[in-house]
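Read through the structure below, which is laid out as structure tokens, and then see the notes.
The values are calculated or read from the model by the stated rules, or taken from the named source; none is laboratory data. None of these values were measured; they are calculated from a predicted model. In this analysis, Cβ positions are derived from the backbone assuming ideal geometry, glycine residues included, and neighbour counts consider all displayed protein chains.
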Amino acid sequence: MPAELACFEERCRARFPVTEIIYNCPRCGGLLEAVYAAPEGHPADWKRMWRDRRTSNAPLDQSGVWRYRELIGFLDDFRHVVTLREGNTPLLDAPRAAQYGGLDRITFKHQGFNPTGSFKDNGMTCGVAQAMRLGARRVACVSTGNTSASMAAYASAAGLDPVIFIPHGNISFGKLAQALEYGARTFQVEANFDQILALVRQLAERLGIYLLNSINPFRIEGQKTIMAEMLDQRDWRVPDWVVLPGGNLGNVSAFGKGLRELKAFGLIGRLPRLAVVQAEGSAPFYDLYRATDRSHLNAVTHPETLATAIKIGDPISWPKGLHEVTTSGGVVEKVTEQEIADAKAVIGRCGFGCEPASAATLAGIRKLTAAGTIAAGADVVAVLTGNVLKDPDYIHRYHTGTLNAPDGTPLRCTFANPPVVVSADAERIAALLGN
Ligand SMILES: *Cc1c(COP(=O)(O)O)cnc(C)c1O
Ligand SMILES: [Zn+2]
């Protein structure tokens, strides 16, 4: 069976050719997903083949996404694939963070090591490949950050014309800088996310634009491979928990789908539980998870958090996200700005750091171990979604004690490490260093 697009809604499940340019189900408006038959062959052989590809010099094999191409078979061939060697992100042990989070041990899967510094690259290499295959000349997204940076990079590398729409005044400087440097035409529009999206949809057909927003099902396919790579790196030992931040909920949808497929294909014997962490001022998915009626999500009209990558009031992939959290026996947690800030500083001291949204994972783990939901001895993989340098302004404010929550409340900078201004005086410096 060739790949198809299927409506995610249980009561619809309509199918469409994989080459049809649709972003939602034309029948019911539901989310779409790519579906295919199980790859041929034996799980043990695939595992060996994927491991062998790590020593190959072929570009596709060197990609931490396309190395697992048997799992993402939506293309007829690989002519259109552009890889910047995305994925290949490390699993890092972090004793300091484990202790802070109330765990004996923690491992971070650090997606900030990607070419543009976030997990969006895993998905974007697939989204852009699909755009090329469809013959698009331009690609576009509405994004407050990492999606823009990633799309700009991959589209430019592929010779496409990237167009970015940003809700005015709503982006961290590092991310905007990347979009500009990678050559995206960037429009800062004075409207909110939903208004801009409607505008772009109107323009898409007229201008030959293929949309690479968060619901794009091919981006989800690429992000699935984060779980395959993580398991490959662990010799296929399944962790008890996978913890990640939640914004539009594309990533939890991707992880859940990827893990379910790995189980269905016989590559793993059980599913890890998925724990999604949101920021308190932007936690509609947390509210949904807690509600007795989970049939619709109540959007947060004015989402607020300094963690801009998860500042999403109306998460578009919530039906998929909810399905994956419940199927895996997972949970949804929320954390305060203070908890994110401190957890972030602790991750920094582990020697790698992350952007604010990523630190919600450790803050959430600390709460979930305190509540007894996650046991101290549990085998936990937390996904750090973005690089430490994405948001240097936040870091500088934290360490100089000038970081305020969105409502203006000063945050306690418990782990502040401010720079010290000193004259060129050896005695004085030695004294400051305690000698
Ligand atoms: C996009 C992003 C998120 C949120 O992911 P969703 O798939 O929207 O839930 C979290 N952290 C970072 C760094 C991101 O770039
Ligand atoms: Zn449908």
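Below, the figures for the structure above:
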{"item": "Residues of segment 133-146 classified as part of a helix (DSSP H, G or I) and surrounded by fewer than 21 Cβ atoms within 10 Å (Cβ to Cβ), total", "result": "1"}
{"item": "Test result for Glu20, within 16 Å of ligand 2 (Cβ to nearest atom), assigned to a loop (DSSP other than H, G, I, E, B), over 23 Å from Pro315 (Cβ atoms) and not hydroxyl-bearing (Ser, Thr, Tyr)", "result": "yes"}
{"item": "Where a residue in segment 229-249 is farther than 17 Å from Glu261 by Cβ and its partner, wherever it lies, is in a loop (DSSP other than H, G, I, E, B) and within 16 Å of ligand 2 (Cβ to nearest atom), with Cβ under 7 Å and at least six apart", "result": "Asn248/Ile316; Asn248/Ser317; Leu249/Ser317"}
{"item": "Selected residue (criterion: farthest from ligand 2 (Cβ to nearest atom)) from residues of segment 1-17 that are in a strand (DSSP E or B) and touching a Phe, Trp or Tyr at 6+ places or on another chain (Cβ under 7 Å)", "result": "Glu4"}
{"item": "Residue under evaluation Gly313, criteria (1) buried (at least 24 other Cβ atoms within 10 Å of the Cβ); (2) in a loop (DSSP other than H, G, I, E, B), criterion not met", "result": "(1)"}
{"item": "Residues of segment 27-40 satisfying the condition of being in contact (Cβ under 8 Å) with a residue 12 or more places away in the chain and either out of contact with any Pro (no Cβ under 7 Å at 6 or more places or on another chain) or of a type in the set (Phe, Trp, Tyr) (or both)", "result": "Arg27, Cys28, Gly30, Val35, Tyr36, Ala37, Ala38, Pro39"}
{"item": "From the options Gly30, Gly64, Gly87, residue that is within 16 Å of ligand 2 (Cβ to nearest atom), at pLDDT 95 or above and either surrounded by 15 or more Cβ atoms within 10 Å (Cβ to Cβ) or not hydrophobic (A, V, I, L, M, F, W, C) (or both)", "result": "Gly30"}
{"item": "Meets criteria (touching an Asp or Glu at 6+ places or on another chain (Cβ under 9 Å), of a type outside the set (Phe, Trp, Tyr) and within 16 Å of ligand 1 (Cβ to nearest atom)) for Leu31", "result": "yes"}
{"item": "Restricting segment 147-171 to residues that are crowded, with 24+ Cβ neighbours inside 10 Å and among the hydroxyl-bearing types (Ser, Thr, Tyr), the residue that is nearest to Cys126 (Cα to Cα)", "result": "Tyr154"}
{"item": "Pair list, Cβ under 7 Å, 6 or more apart: segment 304-329 residue outside the structural domain of Leu249 (by TED's automatic domain parsing) and away from ligand 2 (no atom under 16 Å from the Cβ), other residue of a type in the set (Val, Ile, Thr) and modelled with pLDDT of 95 or more", "result": "none"}
{"item": "Check on Thr89, within 23 Å of Tyr182 (Cβ to Cβ) and in contact with a His (Cβ under 7 Å, 6 or more places away or on another chain)", "result": "yes"}
{"item": "Residue within segment 5-22 that is within 16 Å of ligand 1 (Cβ to nearest atom) and either of a type in the set (Ser, Thr, Tyr) or at pLDDT 95 or above (or both) present", "result": "yes"}
{"item": "Residue match in segment 66-76 (condition: within 23 Å of the chain's Cα centre (by Cα) and over 16 Å from Ile220 (Cβ atoms))", "result": "yes"}
{"item": "Residue under evaluation Trp50, criteria (1) touching a Leu at 6+ places or on another chain (Cβ under 9 Å); (2) at pLDDT 95 or above; (3) aromatic (Phe, Trp, Tyr), criterion not met", "result": "(1)"}
{"item": "Unmet criterion (only one of (1) at pLDDT below 95; (2) farther than 16 Å from Leu31 by Cβ; (3) within 19 Å of the chain's Cα centre (by Cα)) for His302", "result": "(3)"}
{"item": "Verdict on Leu259 being more than 22 Å from Pro356 (Cβ to Cβ), aliphatic (A, V, I, L, M) and touching a strand residue (DSSP E or B) at 6+ places or on another chain (Cβ under 9 Å)", "result": "yes"}
{"item": "Options Ala191, Ala275, Ala179: the member that is crowded, with 19+ Cβ neighbours inside 10 Å and at pLDDT below 95", "result": "Ala179"}
{"item": "Hey, Ala94 over 23 Å from Leu212 (Cβ atoms) and surrounded by 14 or more Cβ atoms within 10 Å (Cβ to Cβ) or not", "result": "yes"}
{"item": "Residue among Arg366, Arg428 that alone is of a type in the set (D, E, K, R) and either buried (at least 20 other Cβ atoms within 10 Å of the Cβ) or closer than 26 Å to Val242 by Cα (or both)", "result": "Arg366"}
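One line per residue, one yes/no per condition, for (1) within 16 Å of ligand 1 (Cβ to nearest atom); (2) of a type in the set (A, V, I, L, M, F, W, C); (3) surrounded by 12 or more Cβ atoms within 10 Å (Cβ to Cβ); (4) not assigned by TED's automatic domain parsing to the domain that holds Pro272:
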{"residue": "Ile340", "(1), (2), (3), (4)": "yes, yes, yes, no"}
{"residue": "Pro356", "(1), (2), (3), (4)": "yes, no, yes, no"}
{"residue": "Val388", "(1), (2), (3), (4)": "yes, yes, yes, no"}
{"residue": "Pro392", "(1), (2), (3), (4)": "yes, no, yes, no"}
{"residue": "Thr414", "(1), (2), (3), (4)": "no, no, no, yes"}
